[in-house]
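Below is one structure, written out as structure tokens, with a few remarks after it.
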Amino acid sequence: MDIQPYLEYDPSKVAELQFAAPLLPTKEYSTFVTNFPGMNCFEPYGTSGNFFLSFTFYRGGKKVGELHSNHVDEKGCIQSFFDEFTDFFPESFDGLVITHYHFALNVPPELYVSAVHKKTGAYVAFPASAYMGDTIYIEGHARHLENTMFWPGIVANEHSQESVIILNPYDVPFSYQVSLFLKDRKREQTPIKKIRPFSSQTFSIDELFPNYRDEILASDGMCSLCVAAQYKVVALIMFKNRETGIITTIDHPHSYGMY
Amino acid sequence: MSETTLIEAKNPACDGKGGCGAKGACGEEDSIVCYCFKLTTKMLKEAYKKHGSLKAVEAATRVGSACTGCKVILHSLFGEAPSDHYAGIPAAASGSLCLQPGHRTMKGFIIANDQLESAVYCSNAVAPQLGDCDSTTKIDWTLVDHRGTPVIMDSKTMRTNETFVFDTRKVNLPRPFIGMFFVTLDRSNVGASRFNIYWSNSKSITATHENSSSGKPNTFVPIIIDKEFLAGQNTIYSAIMNPHPKTVEFRLSVFDIDTGDEVHWESELPAYASIWINSNEHLYKPALKKYPKGRFALRVLTTSLDMHSALSNYFFVHNRKTDLWTSNHI
């Protein structure tokens, strides 16, 4: 096994990766980020204290605040709470947080956003989506179609509502369309939608495809979703309990793999 | 419906009439359509005015000829079908657009007991920008139980844009059932096929994707547990699967994130076997008994540290107050 111990903090040995995540309504949820730098490492590599996170918060395309985590080594744990931004995002899902992760090379970082429902304590955790900044990697863009994300299965019923969250962490607007693949293999599409820079949009499936609600309900879930955008898209799928509004899932769809 | 307002109307840099302020970049006209060749809507519209057809614009600007990701927008902008730059090129040379033989295997955790039922959905949809692409394929699937023994195997033809489903509520399984679901497609390109698993009870649905052997021998459940958490309404469960054809030794370590104190268990999982653990009861409680003031996390470590023997893991949180479940992969 080829293990390269890290050197003391040296910018040339440190990479930066950007993650984007929606901010949940702060009236209902307490949100925070948990990260273990040692995740995916084979061994602890020393104590160079290389790892930290910087968060930038946006609402409606405007920057509203910043937060910086403590520094930890690869054996540590970073937890950053977003409670101080409670006033900015009381009820809606239009908040966006962009996280810059400063990490040692050779450590593939992952970080999870957690949210606790204030009234019931219901806990949901999901990986923030890494998007490598606004650099386009042509090969990756072509072979993974990173502007085209799929989510197999749509199970909407009287208890659960499924929604699509689109994030734009870039400084340019982009357009996108959501496609619905029905049980009979027909494809329906929304009109072209637009999202401005540094913002987030959330649509329930009911809103996106109001004419197909019954067909989806009767399909036993045998439908799929696709988000196709101009640019590489950061999208998430969310499930909520209809009665309580409690979120039971946030997870990412997959790029169309042509490899 | 949530916000669908045109960007121009809300961007303060815009004059509200489709033009931009001094700072430039705003609105659809200035947004980039083709990132490979840095072409904006405005540039493409001007090129179209000059050249008269999308085909001529493609020839003049090379739009749509690299990654092909903007074809859906080109179609919408000009109402003409973009050229198929892959036409006539053998699939092997063009990166398998539609069909190629192959055997990519995907795996996910299945549970059917008095807590949850499982359903697998796998899509054979084609990306809209690829046009009328026939992606018909054969799908083979196998359900193995917690010991790794196959209990159901089947295959079918999956047609283009079809969504496959397997639902534990519709098959006769011994209960309680814990196991793993394998899917193999008769094609090498993944397309849209990475499957999702939906776990549900009568009140809630939670879902995430198949967790192929992720190559991560050292993973963490990203939840911090202390005495207060354990006294609360949430129970954490861990699903651990061995997707390899060999026994894998592993260590479950509950460690204090501040002091490093830990309680650990060493065990092994036979080939294709899986386990379901009430982590509150069997992992966190013993750790908190030993270190009552601790703040703990759970690490799942493949003892050999071999990324090719890594286990696949999911975590679940059951909120007992509401009887709602959440989940995700690690």
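Observations on the model:
- Within region A:240-259, the set of residues being part of a loop (DSSP other than H, G, I, E, B) and more than 15 Å from the chain's Cα centre (by Cα) comprises A:Arg242, A:Glu243, A:Thr244, A:Gly245, A:Ile246, A:Tyr256, A:Met258, A:Tyr259.
- The combined condition, being open to solvent by 30 Å² or more (accessible area, probe 1.4 Å), under 13 Å from the mean Cα position of the chain (by Cα) and at pLDDT 70 or above, is not fulfilled by A:Ala125.
- Taken as a whole, the structure leaves B:Phe316 outside the set of residues that are within 14 Å of chain A (Cβ to nearest Cβ), in contact with a Lys or Arg (Cβ under 8 Å, 6 or more places away or on another chain) and buried (at least 21 other Cβ atoms within 10 Å of the Cβ).
- Filtering region A:211-239 to residues that are in a loop (DSSP other than H, G, I, E, B) and surrounded by fewer than 18 Cβ atoms within 10 Å (Cβ to Cβ) leaves A:Ala218, A:Asp220.
- Qualifying positions in region A:74-85 - more than 9 Å from every other protein chain (Cβ to nearest Cβ) and either under 20 Å from A:Pro37 (Cβ atoms) or open to solvent by less than 50 Å² (accessible area, probe 1.4 Å) (or both): A:Glu74, A:Ile78, A:Ser80, A:Phe81, A:Phe82, A:Phe85
- Checked against the criterion of being out of contact with any Leu (no Cβ under 7 Å at 6 or more places or on another chain), of a type outside the set (A, V, I, L, M, F, W, C) and crowded, with 24+ Cβ neighbours inside 10 Å, the candidates B:Pro176, B:Pro222 yield just one match: B:Pro222.
- Within region A:55-69, the only residue that satisfies the criterion of being open to solvent by less than 30 Å² (accessible area, probe 1.4 Å), more than 23 Å from A:Ile195 (Cβ to Cβ) and assigned to a strand (DSSP E or B) is A:Leu67.
- Hits in region A:242-259 (condition: under 25 Å from B:Trp325 (Cβ atoms) and either open to solvent by 10 Å² or more (accessible area, probe 1.4 Å) or of a type in the set (Gly, Ala, Ser) (or both)): A:Arg242, A:Glu243, A:Thr244, A:Gly245, A:His252, A:His254
- The residue list B:Lys170, B:Lys138, B:Lys203 contains one member that is out of contact with any strand residue (DSSP E or B) (no Cβ under 8 Å at 6 or more places or on another chain) and basic (Lys, Arg), which is B:Lys170.
- For first residues located in region A:235-259 and over 18 Å from B:Asn196 (Cα atoms), partners that are of a type in the set (Val, Ile, Thr) and surrounded by fewer than 22 Cβ atoms within 10 Å (Cβ to Cβ) and lie 6+ apart or on another chain with Cβ distances below 9 Å form the pairs A:Asn241/B:Thr322; A:Thr244/A:Thr120; A:Thr244/B:Thr322; A:Ile246/A:Thr120; A:Ile246/B:Thr322; A:Met258/B:Val190; A:Tyr259/B:Val190.
- Residue under evaluation B:Ser135, criteria (1) within 11 Å of chain A (Cβ to nearest Cβ); (2) within 23 Å of the chain's Cα centre (by Cα); (3) closer than 23 Å to B:Ser202 by Cα, criterion not met: (3)
- Meets criteria (over 23 Å from B:Ile205 (Cα atoms), open to solvent by 50 Å² or more (accessible area, probe 1.4 Å) and not aliphatic (A, V, I, L, M)) for A:Asp171: yes
- For region A:20-33, filtering for residues that are surrounded by fewer than 21 Cβ atoms within 10 Å (Cβ to Cβ) and facing another protein chain (nearest Cβ under 10 Å) leaves 1.
- The listed residues are B:Ala239, B:Ala287, B:Ala271, B:Ala207, and the only one of them that is among the small types (Gly, Ala, Ser), away from chain A (no Cβ under 14 Å) and assigned to a strand (DSSP E or B) turns out to be B:Ala239.
- Restricting the first member to region B:220-233 and to residues that are within 14 Å of A:Ser114 (Cα to Cα), and the second to residues that are in a helix (DSSP H, G or I) and open to solvent by less than 10 Å² (accessible area, probe 1.4 Å), the beta-carbon pairs closer than 6 Å and six or more apart or on different chains are B:Ile225/B:Tyr284.
- Candidates B:Val317, B:Val300: the one that is at pLDDT 95 or above, of a type in the set (Val, Ile, Thr) and on the phi < 0 side of the Ramachandran plot is B:Val317.
- Number of residues in region B:175-204 that are in a loop (DSSP other than H, G, I, E, B), over 15 Å from B:Met106 (Cβ atoms) and more than 9 Å from every other protein chain (Cβ to nearest Cβ) equals 3.
- No other residue among A:Ala235, A:Ala218, A:Ala228 is more than 7 Å from chain B (Cβ to nearest Cβ) and over 15 Å from the mean Cα position of the chain (by Cα) apart from A:Ala218.
The values are calculated or read from the model by the stated rules, or taken from the named source; none is laboratory data. This is a predicted model, so every value here is computed, not measured. So basically every Cβ, Gly included, is an ideal-geometry build from the backbone, and we count neighbours across all protein chains shown. Each accessible area value is taken on the protein alone, full model and side chains, heavy atoms only, with ligands, DNA and RNA left out. Shrake-Rupley method; radii C 1.70, N 1.55, O 1.52, S 1.80 Å.
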